[in-house]
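I have placed the structure first, in the form of structure tokens, so that the comments after it can refer back to it.
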């Protein structure tokens, strides 16, 4: 029949159909997957922060019982209170429910953006509420031991390198957290670009 389009023309018509909905669907799927990965990472970091906080608080309580120096006791008590109060501030971010599997691009973008912003807030808070008490606890312990031996002996010689290691560790943690924050900021900028291009 002359009016029946040839098979080649049918293929061209099929290929010319808009594929945007499928691309948006795939984009939404990837964003939901990324948000799930970020939520999983967030849960691990929060769990690690709880374990570290309990260890710091327990060590500080033990240190305040163990030492005879009133100043050291006060510093250990401040450390325990600092790290435990810090857990409230690290965990106060309200958790959002994950988007449904059939969520659109806009919902998936918002979910992924919220998780990235939560990571940035956690990284900033970790310096103040975890690294700070840890350094204070170790500093108090080293200071107490140095005072206990009267400022003499091998312990005093070892205290310098330990303090230097603590400072290097703290600085490396700041650099690492800052690089993570820059990475999360770049990811948020990419999400904003996807949102602009997709017209979400």
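The values are calculated or read from the model by the stated rules, or taken from the named source; none is laboratory data. Keep in mind that what you see is a predicted model, and the values were worked out from it rather than measured. Don't worry about glycine lacking a Cβ; one is built from the backbone with ideal geometry, like all the others, and counts go over all protein chains shown.
Kindly provide the set of residues from segment 159-187 that are more than 25 Å from residue 42 (Cα to Cα) and surrounded by 13 or more Cβ atoms within 10 Å (Cβ to Cβ), ordered by number. Lay out the reasoning, then the answer.
Looking only at segment 159-187, we keep the residues that are more than 25 Å from residue 42 (Cα to Cα), and these are 159-168.
Selection gives 159, 162, 163, 166.
Select from segment 191-200 the residues that are surrounded by 11 or more Cβ atoms within 10 Å (Cβ to Cβ) and modelled with pLDDT of 80 or more and list them in ascending order.
Taking segment 191-200 first, the residues surrounded by 11 or more Cβ atoms within 10 Å (Cβ to Cβ) are 191-192, 194-195, 198, 200.
191, 192 - these are the residues of segment 191-200 that are surrounded by 11 or more Cβ atoms within 10 Å (Cβ to Cβ) and modelled with pLDDT of 80 or more.
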